Amino acid sequence: MRKIKLIHIIFFLFSFSAFTQVNFTTKLSKNRLGVNERVKVEFSVDKDGDNFIPPKFENFRIVGGPSQSIRNSWVNGKRSFSKTYAYFLSPINKGSFTVGQASIEVDGEIYKTLPVQVTVTSAVDKPTDPNDPNYLADKNIHLVAELSNKNPFLNEAISVTYKLYVSQDTGVNNWRELEAPRYADFWSNNIDIKSLNVQNGTYDGKPYRYVILRKTLLYPQKTGKLKIEPLTLDVSVQVPSNRRDFFGNLISSSVSKTVSAGSSFINVKPLPIDNQPIDYSGAVGDFNFEIKTNKNNLLLDEAFQLSLIVSGSGNFNLFEDPRITLPNSLEIYEPEKTSNISIRVSGMKGKVNNEYTVVPNRPGKYIIPKTKFSYFNTELGDYKTIYSDPIYIDVEGNFKESDQGQNDLNKIKLAQNQFSSFKTKTKFSKINKEIFFNSSQYWILFITPFIICIIILLITRIINNYKSRKIDQLEFSKKIVYKLLDESKLFIGEKEKFYESIDKAMTTYLKAKLKLKNSDFKIIEINDKLETMGVDKSTIDLLVKVLKNCQLARYTPLNIDEMSDDYEKSRLFIEKAEKIK
């Protein structure tokens, strides 16, 4: 009898422990895939938990996610619950790899998944099914790098423009950079694109829409065949399907696609050695050169400014500035360099001014000799030397040979009675206390400190009120921002209302946080102010991506996942920005 009861108790405890056990598992869409394919990884838990930590995903690149979904249902009075975190991974190399352990906290306890194995093989041929969304995405979206010149001279300006082409019946929700192009053998400068404008064009002879994502100005620093590393993007694509909804409209499918512009190569020609001037300093382009002075007539020991100005278009800052040689009687100091250069797709344009301060030591007439400046003209394919006009300086004054090295003659001899005009003795008189007390001077000296204290208190209170008013205004703006964010969360699924609310929230926050006017509300200005405040680049990138999506929302279809992602990015940016005072 006792044995039966003991067996019942053990069975009851085992059943109870099994009932309360938390299941936290990893599920792969496939365990074997090609290096050009993707795998979906899902981490599912059957209890509500927090503080989910994914594995590091070594040897894989995250191209989608994390996305979170919750399923809660009741069947025959029995509750079924699951929370799932999903990632899309793209393998980097071939081989056998492990997806590590993820962890989550449930009721104060930490649970971990078991590691799973994935085998990555060589690239596989993708099916050519016209109804397959992945096949349609491959055919309808292309990333292209356009080079302005594939055979430049050394230090000649070229530009590379990255365009994303999308067919007329295909939409793009969002994209993110997986690999940025590297320019190891170039001087490079990214040209800011203020707004992304969708334009019409052709690709492979067919009509496409395209958007310019990036422009970069390059100056090759080596000769020979040079490689430009590719730009690689992960793009969320909306492709049409043959299915229709209840109202007969075509249903679009959303797929993620990795697109690459591919490596580009250019052949850089060396500058010719024949006819190269002796004083050539590396300038390539089309330049003007002149020398100016602010004075032509001056007195001895009076300074004048001499400006050597190089203007035009070319590789500014990549060649040595011209120098000038003056007579020994003109003392010259190190120049102050000022640059006014704009960077465009066609190259750098503007002028550089080296301003010298010159002081004459002797009177007379001086000639600032004509000075030459040599550069290589890419259109002519030859060197060109230009000269400045000579300048005449007239210095007036008397010069004495004894003035040099005769410091002792310049010393001032002090006379013995030089202070005789000043009184050197003081006569003191006694103060009549009865007269001073209760006098007007007495009361002025007595009351003045109190008045000063009152004034200081009033000024301090005014300043504090002003500061508190500013803080109140900032806090009021924050309340509006959070209210708009909460509203935008309700609009997820309604593209226009959602992005209108997100845009209004971010605009209100940035104007209040950065004290921006409407005229200053530009991505460049916002980026500079955030960097000055100490906001890290990853946080700024969150903001830029959200603002760009707000601009693109009018042109492209967007799904609920992308809207949810933009909502989380907006809230995360504000949280990180608020931590920086």
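Rounded to the nearest Hz, the phi-derived 3J(HN,Hα) couplings of segment 322-329 under the Karplus curve 6.51 cos²θ - 1.76 cosθ + 1.60 (θ = phi - 60°) are x, 10, 10, 10, 10, x, 5, 6, where x marks glycine and proline. Rounded, prolate or oblate: which fits segment 102-195 when a ≥ b ≥ c are the square roots of the eigenvalues of the alpha-carbon gyration tensor, with rounded for a/c under 1.5 and prolate only if a/b beats b/c? Prolate, because a/c is 1.5 or more and a/b exceeds b/c. All other residues whose Cβ lies under 15 angstrom from that of Ser44 are scored, Lys and Arg at +1 and Asp and Glu at -1, for a net of +3. Inter-part distance, segment 176-209 to segment 302-326, computed on C-alpha centroids, equals 36 Å. Using only the C-alpha atoms, the convex hull of segment 133-268 corresponds to 114 Å³ per residue.
Ranked by the mean number of other Cβ atoms within 10 Å of their residues, highest first, the peptides 25-34, 453-462, 507-516 fall in the order 507-516, 25-34, 453-462. For the set Lys269/Lys351; Lys30/Lys569; Lys257/Lys576; Lys163/Lys537; Lys483/Lys548; Lys537/Lys576, the pairs lying more than 18 angstrom apart at their alpha carbons are Lys269/Lys351; Lys30/Lys569; Lys257/Lys576; Lys163/Lys537; Lys483/Lys548. P(r) for segment 275-343, from all Cα pairs and a bin width of 5 Å, is 3, 11, 22, 23, 15, 13, 8, 4, 1 %, short bins first.
Average projection, convex hull of the Cα set of segment 21-121: 6.8 square nanometres.
Computed from the coordinates by the stated procedures, all read-outs in this text should not be read as laboratory data. Treat the numbers as computed from the prediction; the structure is a model and nothing was measured. Virtual Cβ from ideal backbone geometry, glycine too; neighbours counted across all protein chains shown.
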